[in-house]
Each structure stands twice: as C-alpha cells, then as structure tokens.
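Note sheet for the following structure.
The values are calculated or read from the model by the stated rules, or taken from the named source; none is laboratory data. Everything numeric in this text was worked out from a predicted model, so none of it was measured. Neighbour counts run over all protein chains shown; Cβ positions are idealised from the backbone, glycine included. To get the accessible areas, we keep the full protein, side chains included, count just its heavy atoms, and leave off ligands, DNA and RNA. Shrake-Rupley method; radii C 1.70, N 1.55, O 1.52, S 1.80 Å.
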Amino acid sequence: MYRFALGRLLQAIPVLLMVITVTFFLVHSAPGGPFSADKAVPPEVIKALEEQYNLNQPVWKQYFSYLGDVVQGDFGPSFKYSGRTVNELIAAGLPITAELAFYAMLVALIVGISAGVAAAIRPNTLQDYLPMTGAMIGICMPSFLLGPLLVLVFGIYLDWLPVSGWGDLPGDKILPSITLGTGYAAYIARLSRGGMLEVLSQDYIRTARAKGLSERLIIVKHALRGGLIPVVAFLGPAFAGLLAGSFVVETIFQIPGLGRFYVQAAFNRDYTLILGMTIFLSTLIILFNLLSDMLAIWLNPKLRHEIEGAK
Amino acid sequence: MTFLSSSSITEKRRSGPESLIKLFSIVMLISLTGCGGGESNVSAGNKSGTLYWGNGTEPQSLDPQIATGVPEHHIISAVMEGLVLKDRKTLEPRPGVAKSWDISENGRVYTFYLRDNARWSNGDPHTAHDYAWSWWRALQPALGNLYAYMLFPIENAQKYYEGDISNFDQVGVKALDDRTLQVTLKYPTPYFLQLLDHYSLFPVHQATIEKFGDADQRGTRWTYEGNLVGNGPFQLVDWKINRRIVVQSNPYYWDKENVSLKEIIFIPIENIVTEERMFRAGQLHVTSSLPADKISVYREANDPELRIAPYLGTYYYRLNVRKPQLQDRRVRRALAMTIDRQRLVDNITKGGQIPAYAMTPPGTMGYFPESDLTFDPEGAKLLLAEAGYPNGKGFPPTEILYNTNEGHRKVAVALQDMWKKHLNIDIRLLNQEWKVYLDSESAGQYEISRAGWIGDYVDPNNFLDLFLCGGGNNRTGWCNEEYDRLILDVAPSMKSHKERLKVFQKAENMLLDDMPIIPIYTYTSVQLVNSSVKNYDPNIMNAASYKDIYLQTDEESSDKE
C-alpha cells in the first residue's frame, strides 16, 4: 500500500511540472497585460510596475525564477491586490471553500446514499422511480438556477434563511451547502443504486438471506460495504470538483472562498494568482484521487490482493 | 436516512458506513442549524449606528496614491480626508483639514490654514509638512500612481514627475510652518480646490509608510487593518478579503462631534443580482448598482428606495479615423446623426440615461454644451451620398468592437439596426473579453468601438483633454493642433470662468464638427437606498459624505408618520 502511494506521488511530479509550464506560458501569452486599464496608463507607470514584478525580463527567465519560488512553496505577490501574497489569498479562501465543500459533500452523501439504497431495495417500483427521477432533475439542474430559486423561496418569500453570507448570520450555510451538494447527491444516488443492485444479486447476500438474517441487517452490514465502492471511488474527484467548482455558488451567496479569486484572477490577468490557484488545485485533485483510490483498495479485498500480489 | 437508523439495540453496529453517516448527520445538524430569521442588518444597524454598504468589488488597495476605482474611493474617503471637502449636495468646496484659504489675485498661489486640532487617527499631530511629503510621494514614478496627473496643475509637478527636474524644492508646494501650506500653480486652475478632495491628493502618514517599507514602494502592508493611520472621520478596524471592511469612528477626528455613524461595513459584492437580493432581505442599506432588467420593475412599483441620478460620465463610441471608410468627416457625422438616442435610452438602456449630443455632460461646472447634432436621418443620407456612398452603396462592412457585456451588446445591436435602416450600411458586431478589448482599442485595431468616460473632477477640461493629439485616452487617431492649443494654452490662461467656458465650447464644437467620437448618452447612477439612510444626497459624482450620513431608527420614522 505504501509503495503504491509512493509510486503515485512520484508520478504526480511530472504532472504538476506540466501543469505549471503550460499554465505559465498560456497566461503570459494571453492578450492584455495585468496593468492595462480603461484609463490610459502612463509609460512611466508601466515601466515601474513591470520592474517591480519582474515582467521586464525575458519570459524564460521569469519562468525559471517562478519555478524556483514555487518549489519553496512561495507563489509570489498578487498583481492585483497590492500588498497581498498569493499564499495569503489562498489561506484566506481555502478554509471557507473547504468548509462549504465538506457540508455540500455531507448533503450529497446523506441524500444520495439514502435515495440510492432505497431505490435499490425495491427496484422498478415507485420507491425506485421517485428518487431516481429526482436524481435526474438534480443532475440537470445547474446551481446558478437552483441557488437563486432556493434563495427566492427560503430567503425572500418565507424569510426563514439568510440570502447570502458565510458564518455571518445564523443558518446562512444551509442554502449554499444544499445548492452545491444537490448535483453531487444526484450522482451519488445513481452510483449507489447501481452498486447496491449489483451486490444484492450476489451469492453471499443470498447466503445471508438463507441464514435468516433480517433484511435490515443484510443491507446495512453486508450489502452497503460492497455496494458503496463506486461511491467511494467517486468521492475523491467529487471533493476536488467541489473545491475547484464552487465559484458559482460562492458568487450567488457572496461567500469569500477560493472560487471567486480564481475567476477574477483570470479576468484581471493576475498571473501569479492564476498560477498559484491552478497549481494548488491541481495538487489537491491529485491528492484526493490518490486518497479515494486507497480507500477503494482498503474496502475491496480483490483490489488489495492485486496490489499486494504485484509486490 | 430514517430507514438506516431505526433502532434495534440487540444488533451490533460495527458496520462502517452506517455509523459514519450517523456521525455526518450529527455534525451537519450541529453546524448548519441555528435559529433562522432574527433581526436584519438594517434594523439592527439603525439602532447601533452601523451602515451596511454594498461596495462592488474587493478593493485592490487602500493606498490613496495607488488606488483607482469607485469601491476604493468609498473606503478611502471614510478613513482619509483632504484639505477641502465637497458639499454633499452641490459638490462646492468646503473646509476640510484646512479651516480656510486665501487665493492670490493672479489665481496661482493658494495659502491654506490648517486646523489646530487636526490629528492622525493614532493621535499624532497632523501638519502642513504632511502634505508636502505626501505630494512628493505621489509624484514618485516608481510608486506607479495612475493619478499623478491630478497634481500636474501644481507648478513644476509634471516636470518633476517626468524627470526633467530632480529637486522637489522647485515644485510649487511649501509648508510655511506647521499650520500653513502654500501651493503655487502653473496656471490659475479654477478646479484646483476640487482636486484636493480627490484621494490622490490626500495626505498619508509618513511614519507608518516608512515603518512598512520605502516611501515609493508598492505593495507594502501599511494599509491593512491595525497598520493604517488616516485622518478621516473613520478608522479602519477590520479587513476580511472578499467579505467585509469595517471602519469605526475616529476619536481624533477634528469634527468628531458631528459624525453620527458609529461604524460602516463595506461589503464587496461582485454579483449585482445577489446584491439586490441582499438589499431586499435587509442585509444592506445601500447597493452599488441595480441589474438593468430590475430597474423597470422598481420604477413601475414607484419604489421610493430606487434612486436614479445623473452621473458625470459619457457613454460614447470611438471612430477610428485611420480606417479608410471613416476618414471622411461627413461619414462620421452621418453615423452620429442617425442614432435615435431618445429611443435608445427609453427602450434599451432604460436606466433614465440622458441622450448626449456633446462629449461633456451638461451642467459640468456651469457648462451646458451647445451642439448642432440632432437625430436627422435625411440630412445624414445626404452627407453619406456626398462622401461617395449614395444610399450606403459601396460602404464596406464595418465592425463595432465592444467588451463582452449584455448591456453593451444591446446598444450595439440597436445602433447596427438604426444604421442599416437609415443609411443602408452593414455593421458587424465583435465582442472581446475586457483586457483583449483594451489591447485592441489602444493598438488601434478596431473600426468603431464602444467607450465610456467617468469624470475625475467636475470640469469640462476632464472630458475634452481626452482627445489631445496622441493622448493615451484618445485612441481614435484624430489630431487637431488648434484643438490642442485651445485646451492646453488658451483655456488655462483665461481670466474669468465664463471666458474659459467659451473656449471649451469652441473646442467642443471642433470635436463635434469632426466627430472622431459619437456621444450617445450621459450616464446615471442607479442604486437602492434604504429609507432610513439620511443625508446621503444624490450628486453628479455619486459621492457620499460619510461624516454627514445618519440612520433613522424604525421607531423614529414611524413617529413621523
């Protein structure tokens, strides 16, 4: 298992290097610079700014000096937010986005697994069709539609929950978590239904039934562990996706997370911020994929044997 | 979830997923639930004297000599102050840190007398020397101050900035003693007092800046919470990125008895749809704007909280006079004459905008530009025919460049339609992302491009000097030496304001006659303002005087009714 993890981590190095290189040259070749503005910027100012941010050097020189900083964990100063470092901006946004992603994941797991398992227990009945239709709607409903709808109903007409914010007013975390979690809940519902159906038809379940175990015990103790493997495999990419893709929900609900920086940085040509965010999120995605693979191996004896047999 | 957790004590619960899910749901419940409802920001704020202000984007910097942009302006004007202030209604200059001033007969020497009780927010004495040092800093090229030109009316300031002279003593600013500041100008500049209320001329605290870096170094941490020392009615107490900036009343402010608000919370909200919802839910007193499609809804409901006021800005189109089909002034005039501006503002923009027939907005320092430009499709057809394109025949397809934005697109489509209908010419639309658009425009890679200009100070000069030969904001390729002479030499040397305005009118006529730009409408500021906010008067710069604003509590307003 350790060897497996180590191997995967070593593979990550060239991947990250590739990400850095491609992103670096892409942002530097995008038209429009970080300091162009609506009002004409005097040449003296452009010169002073380029000197300060090292932009007066040839691009390859900039690239290697940037790479040197990144290796030491320094993403440099933000071009747009004077006096802030990219590390500082990530540190400010990450806990909030991570918390949002965590709650959204909870929503997704609780709703998704409940619906999926319920559907799998009585396939092709109303108990199956209802949650699966819901899941289909959930997959199709984009968060920029669901978010404002929830706000209109629960925030404005019913006045039960705050319409925006994160940790400012009691209950303001509920609507964003639901909005972000819904799409993933729908996926998880479908995955867990499929997984459970497959497991429930296996011999060991029949054996359990033959032993006279209660249906509840069969589902909870024997079927879930195998039936949820597809869900576990999905968790890593899903969590990374939640972190990287929370931009829409953060904008709708005025949440000061990472997503808003990412998109704004691209519009502002804030080179260091775009790069820093890309590298950081790529690293997270790689790590989460690894974690979910390791979890899947731990859950699935077949895979464990393969890995250990390979030694 | 219920079917998983129905209880049967006899069964052992070792299975991972079930207990995990149970744990999740407990954590979820604890962290997410809380009593909903409660008091809204607005009614709580009205009692405590806290103003909740929708502030657009996250500020880039609160250094007054680095910052640009409206959100930055709001916060800086709460925590800092210049020698003079603006009247909250008329924008006339009022005493600020300077209790009074004299102007020499030739209009070039200003002597300011500072208040004895002027202090910085850390209690340090605030003197005339602070201004000399701050303006020296503002003119350091390494600082990258985009508003350095605001100081150019001061004698030798431009030469110093451009490196023609290196001795700052030759620049026309001198602290005669701790309380007296003398400023010598290049020309009598009637709007000079106004400039003093622009943040680029605000004083900055030398000791603080030097504590965190060099005087001309960008990106030091002196403007952050706990560090920033200002001289305004409020002081910075908290800055959470993308979340809020909190300022509270400054106990050392010279006029603290007359400051009513205890606290202002500036909330950066990029999404104006979210901002409007927050306003409706009582989380904001004031919004920074309003989505265009909501304006008519509020208007029809006659909502007293909707506020539309003329704004010192012009929406216009640049014509690239270097392009063959746009070289003839008759073509440019014809294009300008076939825009039905009234229809455009009534049916397309719908924000109460005012049709513009000149570059300078009407009423700028008492200047109401006269213009011979009208909506005249018949006259335009004749002009186009004279230029060699009868009924649009032979006119090459021409492109309108605009930055990607639904509002700009609608205007471009309307103009495309009007020009097709009245002149029978083919117009194409090209949208580009903001920075790409800026690049194309500055490089002259466009035919027609949409533009806007918001005034920095209330004077026709600020609108007309855009189109000087080769000026950075000109971008049309148009150049007229006589025009330059009027703006640069003749207008500044005029003795009276009236004569000066006549010169501007002459220059404006030249601009309209040659038409390198097509004025379309004068902007309006559109926002929502809660009825409890008092003394926030509409003015053409949409400037708020935070020291004057007070909040009426719900009880007070019901007493009145």
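Points worth noting:
- Entry comment: accessible area of region A:1-124 is 48 Å² per residue, from protein heavy atoms only and a probe of 1.4 Å.
- Residue B:365 - accessible surface, heavy atoms, 1.4 Å probe, Å² rounded to 10: 60
- Taking all protein chains as they are arranged and a probe of 1.4 Å, the heavy atoms of residue A:46 leave approximately 50 Å² accessible to solvent.
- Accessible-area composition of the protein assembly as shown, carbon plus sulfur, in percent [1.4 Å probe]: 57
- For region B:250-315, accessible area per residue (1.4 Å probe, heavy atoms of protein chains only), Å²: 41
- Taking the Cα centre of region B:186-333 as origin and assigning +1 to Lys and Arg Cβ atoms and -1 to Asp and Glu Cβ atoms, the resulting dipole is close to 1000 debye.
- Residues B:532, A:214 ordered from highest to lowest accessible area at a 1.4 Å probe: A:214, B:532.
- To the nearest ten degrees, helix A:59-71 and the longest principal axis of the Cα atoms of chain A are 50 degrees apart.
- Only lysine pairs 8 or more places apart, or on different chains, with alpha-carbon atoms under 20 angstrom apart are counted in region B:404-546, and they number 4.
- Cleavage-rule hits (GluC sites (Glu not before Pro)) in region B:96-177: DSSP loop, at most 15 neighbouring Cβ within 10 angstrom: B:105, B:162
- Dividing the summed helix terms, -39500 (n - 2.57) for each DSSP H run of n ≥ 4, by the number of residues in chain A produces a 222 nm estimate of -23500 deg cm²/dmol to the nearest 500.
- Rounded to the nearest angstrom and listed largest first, the equivalent-ellipsoid semi-axes of region A:240-311 from its Cα gyration tensor are 36, 15, 6.
- Counted by Cβ distance under 15 Å from residue B:484, the other residues give a net charge of -4, where Lys and Arg count +1 and Asp and Glu count -1.
- Residues along region A:17-42 losing 20 Å² or more of accessible surface when the other protein chains are present rather than the chain by itself (probe 1.4 Å): A:31, A:32, A:36, A:37, A:38, A:39, A:40, A:42
- For chain A, the longest principal axis of the alpha carbon atoms and the long axis of helix A:258-268 meet at an angle near 40°.
- Gaussian network model of chain A, springs between alpha carbon atoms under 10 Å - residue of A:75, A:102, A:35 with greatest fluctuation: A:35
- Degrees, to the nearest 10: A:174-200 long Cα axis against longest axis of chain A: 40
- For region B:411-449, a decrease in accessible area of 30 Å² or greater in the assembled protein chains relative to the isolated chain, with a 1.4 Å probe, applies to B:433, B:434, B:435, B:436, B:438, B:439.
- Which of B:57, B:404, B:180 is most accessible, then next, and so on - probe 1.4 Å: B:404, B:57, B:180
- Cβ-placed point charges (K, R +1; D, E -1), dipole of region A:220-311 about Cα centre in debye, nearest 20: 260
- Note that region B:258-275 has calculated 3J(HN,Hα) couplings of 9, 9, 8, 5, 8, 7, 10, 10, 8, 10, x, 10, 6, 8, 6, 5, 4, 4 Hz, one per residue in order, obtained from phi through the Karplus relation 6.51 cos²θ - 1.76 cosθ + 1.60 (θ = phi - 60°); glycine and proline are x.
- Gyration tensor verdict on region B:399-556 (Cα atoms; rounded if a/c is under 1.5, prolate if a/b is larger than b/c, oblate otherwise): oblate
- Shielding by partners - mean other protein chain Cβ count within 10 Å, residues of A:48-60: 2
- Rounded to whole numbers, the Karplus 3J(HN,Hα) couplings from phi for region B:397-403 are x, 10, 10, 9, 9, 9, 7 Hz, using 6.51 cos²θ - 1.76 cosθ + 1.60 with θ = phi - 60°, and x at Gly and Pro.
- Take region B:404-478 with all the other protein chains still there, run a 1.4 Å probe, and you get 36 Å² of accessible area per residue.
- Extreme residue, positive dipole direction of chain B, given options B:40, B:133, B:183 (C-beta unit charges): B:40
- Among B:357, B:454, B:429 the positive-end extreme of the charge dipole of the protein assembly as shown (Cβ point charges): B:429
- The trypsin sites (Lys or Arg not before Pro) of region A:171-279 meeting both criteria, a DSSP state outside H, G, I, E and B (loop) and at most 14 other C-beta atoms within 10 angstrom of the site's C-beta, are A:211.
- Interface area, chains A and B: about 6000 Å² of buried accessible surface, summed, with a 1.4 Å probe and ligands, DNA and RNA left out.
- In plain terms, the bigger the Kirkwood radius, the slower the diffusion; for the protein assembly as shown, with that radius from Cα pairs, at 25 °C and 0.890 mPa s, Stokes-Einstein puts D at 80 µm²/s.
- Alpha-carbon Rg with Dmax, taken over chain B, Å: 27.6, 101
- Legend: residues B:418, A:294, sorted from most to least accessible area (1.4 Å probe; ligands, DNA and RNA excluded), read A:294, B:418.
- Peptide A:150-158 - average C-beta neighbours from other chains (10 Å radius): 2
- Rounded accessible area of residue B:86 (nearest 10 Å², 1.4 Å probe): 40
- Taking the chain by itself as reference, region B:208-247 contains these residues with an accessible-area loss of 50 Å² or more in the full protein complex (1.4 Å probe, heavy atoms): B:218, B:221, B:224, B:241, B:242, B:243.
- The share of alpha-carbon pairs in region A:109-150 lying farther apart than 14 Å comes to 52%.
- Low-density loop positions, chymotrypsin sites (Phe, Trp or Tyr not before Pro), region A:217-311 - DSSP coil, at most 16 other Cβ in 10 Å: none
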